[in-house]
Amino acid sequence: MIEAQHFLNQLSSSSRLAPESGIVELVNIGRERSDLIPLWAGEGQLSTPSFIVEAAAQSMRAGETFYTYQRGLPELRQALAEYHEGLYGKSFSHERFFVTGSGMHAIQLAIQAVVGPQKKIIVPSPVWPNLAAAAQVSGAVPVPVKMERFNGRWQLDIDRIRSAITPQTTAIFINSPCNPTGWAAPLEELQAILDLARENGLWIIADEVYHRFVFNGQKRAPSFYDIASDDDLILWVNSFSKNWAMTGWRVGWLSAPPQIGQIVENLIQYSTSGTAAFMQRAATVALRDGETFLQSQIDSAAQNREMLVKWFRQWDSIDLCEPDGAFYLFFSPKDVPDVRQWAIDLLQSTGVGLAPGTAFGCGGEGYVRLCFLRDYHTLVTACDRMAECLGN
């Protein structure tokens with residue numbers, strides 16, 4: 001038999017650098033368990049609402065199965081503009097919105113556009129691992145800047161970002177609200193980041209996938225949209241996955257200055273050649289008719305968060321920060337030298353699947369992530385199962 005190394009040696013160096021997912025490792029260990037409670041992935045239990053599904057079905061029955069607009073259906077791009085106008089209280093041109101084949105695809109396009117091979121992108125960490133991996137695969141160099149906990153919340157040290165800037169740096173990636181920590185940058189922190197980017201001529205890639213999941217009574221998290229000028233170098237990436245239970249659909253969007261629209265269209269053409277029309281019809285309906293469903297998801301997440309924070313804080317063996325946003329608890333089991341093995345042991349003994357913090361890069365060591373966008377009673381059952389392990 002031919003050794004695997006024979007083929008690996010012929011692959012590009014960037015492809016060989018793509019890391020294995022520390023989350024998928026746990027999934028593969030436990031996916032076949034009949035008693036599994038999977039809290040490792042960033043999605044809820046609800047399937048896509050029927051009114052969204054029906055929009056796609058109607059489109060397919062009508063024969064919309066051909067190539068379509070590279071930038072996205074005009075109706076969806078207009079719906080995106082109206083959605084943002086309702087959230088931010090100012091006008092948006094549909095020309096700045098580009099439909100992508102997932103939020104991940106939007107991130108890949110953004111990196112291709114503003115971070116070239118051997119160029120550096122600053123990434124506050126711990127963070128969703130796909131960003132750094134996407135940068136590596138494209139030949140760019142992700143530079144982690146470790147976040148710290150202070151006064152019960154995660155914080156970003158602007159001076160650390162400043163110190164990480166070199167002549168090769170072209171962009172800063174900001175995920176707020178953050179997966180996995182739940183950090184949601186207040187407006188003054190976003191302003192400090194924007195000022196730093198302006199001073200150094202850097203792009204900002206703003207991942208606002210969780211922008212609606214905040215727990216302070218507000219409709220959304222603070223955003224660079226609140227403070228940006230028309231000439232600022234900012235790309236926003238977002239997704240339909242979280243808000244409208246569409247993780248499997250793989251539809252997202254990129255918001256960019258209209259002046260670079262042809263470049264973005266070209267990148268879409270040479271990656272996916274556009275997103276299926278029937279999926280875009282579903283996404284349009286989600287934006288226009290999905291607010292009630294979205295709010296119910298946010299309300300459920302808030303209830304679950306309150307219950308879990310109270311429950312975990314009764315254990316002396318657990319340390320956690322209450323998340324500002326997103327729908328994850330990022331907690332630390334004390335005196336555990338290897339959280340990966342701890343998560344495996346927990347999975348094998350209880351059937352509760354969590355994601356080890358080591359999967360989220362620098363600063364994730366010693367932590368475990370739990371997704372709480374789940375059924376309340378399922379989470380109660382998970383807590384009951386975990387109780388003996390946490391007590392020990």
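The values are calculated or read from the model by the stated rules, or taken from the named source; none is laboratory data. Just so it is clear, the model here is predicted, and its values are computed rather than measured. Note: ideal-geometry Cβ built from the backbone for every residue, glycine included; neighbour counts use all protein chains shown. What goes into the accessible areas is simple: the full protein's heavy atoms, side chains included, and nothing from ligands, DNA or RNA. Shrake-Rupley method; radii C 1.70, N 1.55, O 1.52, S 1.80 Å.
From the P(r) of the chain, can you give the percent of Cα pairs sitting at distances over 30 Å? Write out the running numbers ahead of the final one.
Working: 31583 of 76636 pairs.
In whole percent, the share of Cα-Cα pairs in the chain beyond 30 Å is 41.
Apply the membrane-span-like helix rule to the chain: whole DSSP H runs, Cα extent along the own long axis of at least 15 Å, mean Kyte-Doolittle hydropathy at least 0.5. List the helices found. Intermediate values should be presented prior to the final figure.
On the way: long enough: 50-61 (16 Å, 0.47); 74-88 (21 Å, -0.75); 103-114 (17 Å, 1.14); 187-200 (20 Å, -0.16); 277-289 (18 Å, 0.25); 291-312 (31 Å, -0.40); 339-350 (16 Å, 0.06); 376-391 (22 Å, 0.28).
Those that clear 15 Å and a mean of 0.5 are 103-114.
Please list, ordered by chain and number, the residues whose modelled amide H lies under 5 Å from the amide H of ILE172; skip anything fewer than 5 residues away on the same chain.
Excluding prolines and chain starts, which carry no amide H, the hits are ILE122, TRP203, ILE204, ILE205.
Given the C-alpha atoms of the range 1-131, compute the convex hull and give its volume per residue in Å³. Each step should come with its number before you reach the end.
On the way: hull volume 34.2 nm³, N = 131.
It is 261 Å³ per residue.
Counting other Cβ atoms within 10 Å, which trypsin sites (Lys or Arg not before Pro) in the range 292-392 have at most 15 and lie in a DSSP loop?
Values: sites: ARG305, LYS310, ARG313, LYS334, ARG340, ARG369, ARG374, ARG385; in loops: ARG313, LYS334, ARG374.
Here the sparse-neighbourhood loop sites are ARG313, LYS334.
Report, in listed order, any pair from LYS90/LYS146; LYS242/LYS310; LYS310/LYS334; LYS90/LYS119; LYS90/LYS120 with a Cα-Cα distance greater than 28 Å.
On the way: LYS90/LYS146 34 Å; LYS242/LYS310 25 Å; LYS310/LYS334 17 Å; LYS90/LYS119 34 Å; LYS90/LYS120 33 Å.
Result: LYS90/LYS146; LYS90/LYS119; LYS90/LYS120 exceed 28 Å.
Over the range 76-210, what number does the Rg to Rh ratio reach, with both radii from the alpha-carbon atoms and Rh per Kirkwood?
Rg divided by Rh gives 0.97.
Among VAL114, VAL237, VAL127, determine the one that fluctuates most according to a GNM of the chain built with springs between C-alpha atoms less than 10 Å apart.
VAL114
What ranking do 314-327, 100-113, 217-230, 160-173 get when scored by the average of other Cβ atoms within 10 Å per residue, highest first? Spell out each step's value before the answer.
Details: 314-327: 19.4, 100-113: 24.1, 217-230: 15.2, 160-173: 17.5.
Taking the mean over residues of other Cβ atoms within 10 Å, the ranking is 100-113, 314-327, 160-173, 217-230.
Any idea what the dipole of the range 177-247 comes to, in debye rounded to 20, about its Cα centre with Lys/Arg Cβ at +1 and Asp/Glu Cβ at -1?
Numbers: 5 positive and 10 negative charges, 105 e Å.
My answer is approximately 500 debye.
Report VAL24's accessible area, 1.4 Å probe, all protein chains in place, as a number in Å² to the nearest 10.
70
If the only charges are +1 at each Lys and Arg Cβ and -1 at each Asp and Glu Cβ, what is the size of the charge dipole of the chain around the Cα centre, to the nearest 20 debye? Each step should come with its number before you reach the end.
Values: 31 positive and 41 negative charges, 87 e Å.
Computed charge dipole of the chain: roughly 420 debye.
For the range 64-117, with the dipole built from +1 on Lys and Arg beta-carbon atoms and -1 on Asp and Glu ones, taken about the Cα centre, which of ALA81, TYR67, GLN108 lies farthest toward the positive end?
So the residue furthest toward the plus end is GLN108.
As a test of the formula, what do you get for the chain when each DSSP H run with n ≥ 4 contributes -39,500 (n - 2.57) and the sum is divided by the residue count, at 222 nm and rounded to the nearest 500 deg cm²/dmol?
On the way: 14 runs with 159 residues, N = 392.
The per-residue figure over the chain is -12500 deg cm²/dmol.
Provide GLU82, GLU388 ordered by accessible surface of protein heavy atoms (probe 1.4 Å), highest first. Don't jump to the answer; show the numbers that get you there.
Numbers: GLU82 85, GLU388 140 Å².
Listed by decreasing accessible area, they come as GLU388, GLU82.
Ratio of the range 1-69's C-alpha Rg to 2.2 N^0.38 Å, to two decimals? Each step should come with its number before you reach the end.
Working: Rg = 20.5 Å, N = 69, 2.2 N^0.38 = 11.0 Å.
In units of the globular-protein estimate, the range 1-69 measures up at 1.87.
Rounded to a whole number of µm²/s, how large is the Stokes-Einstein D of the range 132-279 at 10 °C and 1.306 mPa s, given Rh as the Kirkwood radius over C-alpha pairs? Before the final figure, lay out each step's value.
Values: Rh = 16.9 Å.
In µm²/s, the coefficient is 94.
Near the amide H of VAL145, under 5 Å away, which other amide H atoms are found, from residues 5 or more places off or on another chain, if H is placed in the peptide plane?
For VAL145, the qualifying residues are VAL123, SER125.
Expressed in nm², what is the orientationally averaged projection area of the convex hull enclosing the Cα positions of the range 288-327?
Working: hull surface 12.2 nm².
Average of the hull's projected areas for the range 288-327 equals 3.0 nm².
So how exposed is LYS119, as accessible area in Å² (1.4 Å probe, rounded to 10)?
80
Probe 1.4 Å, all protein chains in place: accessible area of THR292 in Å², nearest 10?
Rounded to the nearest 10, the figure is 110 Å².
Given the options GLN297, ASN266, ASN238, identify the residue whose Cα lies farthest towards the positive end of the charge dipole of the range 204-330 (+1 on Cβ of Lys, Arg; -1 on Cβ of Asp, Glu).
Comparing the listed Cα positions along the dipole, GLN297 ranks first.
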